[in-house]
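S.K.: Sharing a structure with you now.
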Ligand SMILES: Nc1nc2c(ncn2[C@@H]2O[C@H](COP(=O)(O)OP(=O)(O)OP(=O)(O)O)[C@@H](O)[C@H]2O)c(=O)[nH]1
Ligand SMILES: [Mg+2]
């Protein structure tokens, strides 16, 4: 059980009602497209104008997930968003606490955002050791200004033992895949934990 004011997987997944509610977070440096990915996923829209996220916000969306036994489950993802400018460590930790999963994003046109990935990953792992992680290499529509190619992304994937997607919040490429995959991983993890706690 978490003490924070935000919902956590532990108190909200209820097998009997066939409904699952998971808190997941979007992490990554400022302006990599975290808010844009969430907006594309929840509203299917995109805004070219950059409006820095101040503090934290959230959005939610229901997704259908096929579990490992082939059953379709309804999963409500509560997706929390935090401004990448937030540098205060304790604030970041509070934000991550109680999350069942994270999408960690970078901007393929800005290598420094790729270089910061390990920091985000490490602090997430510290706070949520067993939670699922999916990497989003975002802005892949920027073909001419892309600097980080696919290979370093795949290295990160192996290193973090996470899933990796090349996304564009602008075109919508792979955005649904990222969230669907995260929902699936979180469902698997939470149910495995539940099973082992019942034994
Ligand atoms: N071309 C392109 N631009 C994008 C993409 N995703 C986001 N952007 C643009 O990048 C800028 C930053 O996007 P945000 O979604 O606000 O980034 P953020 O990570 O939420 O930034 P902070 O809230 O400051 O941490 C905006 O101008 C977006 O329009 C993308 O996939 N392709
Ligand atoms: Mg934002």
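Quick note: the coordinates plus some simple rules give every number you see, no bench work behind them. Computed from a predicted structure; not experimentally measured.
S.K.: Across every pair of different alpha-carbon atoms, what Kirkwood hydrodynamic radius in Å does the range 105-181 reach?
M.R.: 12.7 Å
S.K.: I'd like the distance separating the alpha-carbon centroids of the range 64-78 and the range 170-199, in whole Å.
M.R.: Value for the Cα centre distance between the two parts: 8 Å.
S.K.: Once every DSSP H run of n ≥ 4 in the chain is given -39500 (n - 2.57) and the sum is divided by its residues, what mean residue ellipticity at 222 nm do you get, rounded to the nearest 500 deg cm²/dmol?
M.R.: -11000 deg cm²/dmol
S.K.: Please quote Rg/Rh for the chain to two decimal places, taking the Kirkwood radius as Rh and restricting both calculations to Cα atoms.
M.R.: Result: Rg/Rh = 0.95.
S.K.: Right, another one. Give the span of the range 29-73's Cα atoms along each principal axis, as three whole-Å numbers ordered largest to smallest.
M.R.: 42, 20, 16 Å, listed from the longest principal axis down.
S.K.: Which angle between 0 and 90 degrees, to the nearest 10, do you get for helix 150-160 versus the longest principal axis of the chain when only C-alpha atoms count?
M.R.: Helix 150-160 sits roughly 30 degrees off the main axis of the chain.
S.K.: Would you please report the Å³ per residue occupied by the convex hull of the alpha carbon atoms in the range 60-139?
M.R.: It comes to 118 Å³ per residue, whole-number rounded.
S.K.: With contacts defined as alpha carbon pairs under 8 Å and 6 or more residues apart, what's the relative contact order of the chain in percent?
M.R.: For the chain, the relative contact order is 24 percent.
S.K.: Looking at the range 2-198, what % of its DSSP beta bridges pair antiparallel, to the nearest 5? Mind showing how you got there, number by number?
M.R.: Working: 12 of 35 bridges.
Roughly 35 percent of the DSSP beta bridges within the range 2-198 come out antiparallel.
S.K.: Taking only Cα atoms, what is the 0 to 90° angle, nearest 10, from helix 175-198's long axis to the longest principal axis of the chain?
M.R.: With both axes taken from Cα atoms, the answer is about 30 degrees.
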